[in-house]
1. In the set LEU376, LEU291, which member is outside any helix (DSSP H, G or I), without any contact (Cβ under 8 Å) to a residue 60 or more places away in the chain and not small (Gly, Ala, Ser)?
2. Can you name every residue in region 152-169 that is on the phi < 0 side of the Ramachandran plot and without any contact (Cβ under 8 Å) to a residue 40 or more places away in the chain?
3. Could you list, in sequence order, the residues of region 86-129 that are assigned to a helix (DSSP H, G or I) and within 15 Å of ALA75 (Cα to Cα)?
4. Could you please tell me which pairs satisfy a Cβ distance under 6 Å, a separation of 6+ or placement on different chains, a first residue in region 104-133 that is on the phi > 0 side of the Ramachandran plot, and a second residue that is part of a loop (DSSP other than H, G, I, E, B) and basic (Lys, Arg)?
5. Residue check, ARG69 against (1) at pLDDT 95 or above; (2) out of contact with any strand residue (DSSP E or B) (no Cβ under 9 Å at 6 or more places or on another chain); (3) basic (Lys, Arg), all met but one. Which one?
6. Return yes or no: is ALA342 in a helix (DSSP H, G or I) and not basic (Lys, Arg)?
7. Out of the residues in region 35-44 that are of a type in the set (Val, Ile, Thr) and part of a helix (DSSP H, G or I), state the one that is nearest to ASP1 (Cα to Cα).
8. Across region 20-34, what is the total count of residues that are closer than 18 Å to ALA44 by Cβ and not in a helix (DSSP H, G or I)?
Amino acid sequence: DTSSIIDELAKLQASISHGDSAAKSKALALSRQLTASLTEPVDAASSMIFQPFISFAVQTAVRLDLFSRLIQQQAQQDNKPVSTHNLSTACNKAEPLLLSRILRVLASLNYISEGNAPETWLANPTTRAFAIPAIAAGHRFVWDIQVPGTAYAPKFLEETNYVCPTSATDGFIQYALCTKYDVFEYMSRMRPDRLQDFHTFMGNTMGSRSYWIDWYPVREQILSGYDASSTTLLVDVGGGKGHDIVSFADKFPPSSSPAPSNLPSALSTIPSALRDPRIHYQAQNFFEPNLVHGARVYFLHHILHDWSESSALQILQNLRKVMKPGYSKLLIHDLVLPDRGASQFQAAFDMVMMTFNAGMERSRAQWEGLLGKAGLRVEGVWYGEGGADADGIVQAV
């Protein structure tokens, strides 16, 4: 009941004040339970009706670069509140009335703060988070690529007798955008701007969470037993812009030719600042056998959840072909869903992946089943810091 939730929250206060991330995660979950217990059921059900309109207001703010402009204007005014009129001028003279209506929504969500005078606004810490380029890129990518698929998903499922989509070329997004390309091919051909946004966003997926190299036992599981004289240490399969592998090389130098392997279109987006001389960049399609044989580790970060069972199996089988028995290891960095009690984030992200590419998040049993079909065996599972919503590492041989 409500009183017991409040009591549990009170018990966590000391741990939270000392920076305990697990306690903070638990407190957030309890806070959601408290909100649910205080909300009338009919209000909870009806509030979802209005969520798309909140989303479009936020998206409009992102397109106007409103968060960054508010921060800039406030700094120019000695940290005083910024008027709607001044923001209108800063936003290429967007209509003040429209801005006022958008800003009202943002303030109601505490994404910005209201000043003491009417039609004045202040940036707050959440405003500054929205202004991070990678966060803005994520909003643009999701709105233009995934939201159309989400809008048509119920109709698609109705027409296909309510079964999970399993084809990357015949899913929600293809139905909505009238294409037979998978989402990556579609963006490469039709929306390269959103492909760039996708890779920029993926470089910031950790948010406030720690990197896997901070909680996975790298020295014991990877470096111990590594033959530096003859093999590559780590192959980052589908490694995007190389953010993971650069972080790895920074923490564990010297690394012998760690290699991010990705499609040529993805490698071309890697800025010169991330072209690290310690790293070998290899154009590679992970639906074909990897060009690097016998590496110590083949690493897949947020790759397999993009794909259905059959596609994920093909990726794994291609990697198994080049793994050295008794030496090579496969690390899968993804969510590991609990058997019961999934968090809102975990459950929602599974829907994200269904929409994205007919993919899915998986439980430990589902990972074991998938890897078993590929001739691999789960050797261990590690969970990241940050409570229930944290990613895990599934290690297979």
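The values are calculated or read from the model by the stated rules, or taken from the named source; none is laboratory data. Nothing here was measured: the structure is a model prediction, and the numbers come from that model. Neighbour counts are summed over all protein chains in view; Cβ atoms, including those assigned to glycine, are modelled from backbone coordinates with ideal geometry.
1. Values: LEU376 fails: without any contact (Cβ under 8 Å) to a residue 60 or more places away in the chain.
Unique residue meeting the criteria: LEU291.
2. To start, the set of residues in region 152-169 that are on the phi < 0 side of the Ramachandran plot comprises 152-160, 163-169.
Of everything in region 152-169, those that are on the phi < 0 side of the Ramachandran plot and without any contact (Cβ under 8 Å) to a residue 40 or more places away in the chain turn out to be TYR152, PRO154, LYS155, PHE156, LEU157, GLU158, GLU159, THR160, VAL163, THR169.
3. So the first thing to find is which residues in region 86-129 are assigned to a helix (DSSP H, G or I), and the list is 86-90, 96-108, 125-129.
Once the filter is applied, which keeps residues that are assigned to a helix (DSSP H, G or I) and within 15 Å of ALA75 (Cα to Cα), region 86-129 yields ASN86, LEU87, ALA90, PRO125, THR127, ARG128.
4. From region 104-133, no pairs qualify.
5. All conditions are met except number (2).
6. Numbers: in a helix (DSSP H, G or I): no; not basic (Lys, Arg): yes.
For ALA342, the condition - in a helix (DSSP H, G or I) and not basic (Lys, Arg) - is not met.
7. In the first step, residues of region 35-44 are kept if they are of a type in the set (Val, Ile, Thr); the result is 35, 39, 42.
This time we only want the ones that are part of a helix (DSSP H, G or I), so: 35, 42.
Numbers: THR35: 11, VAL42: 19 Å.
Selected residue: THR35.
8. Within region 20-34, residues that are closer than 18 Å to ALA44 by Cβ and not in a helix (DSSP H, G or I) number 0.
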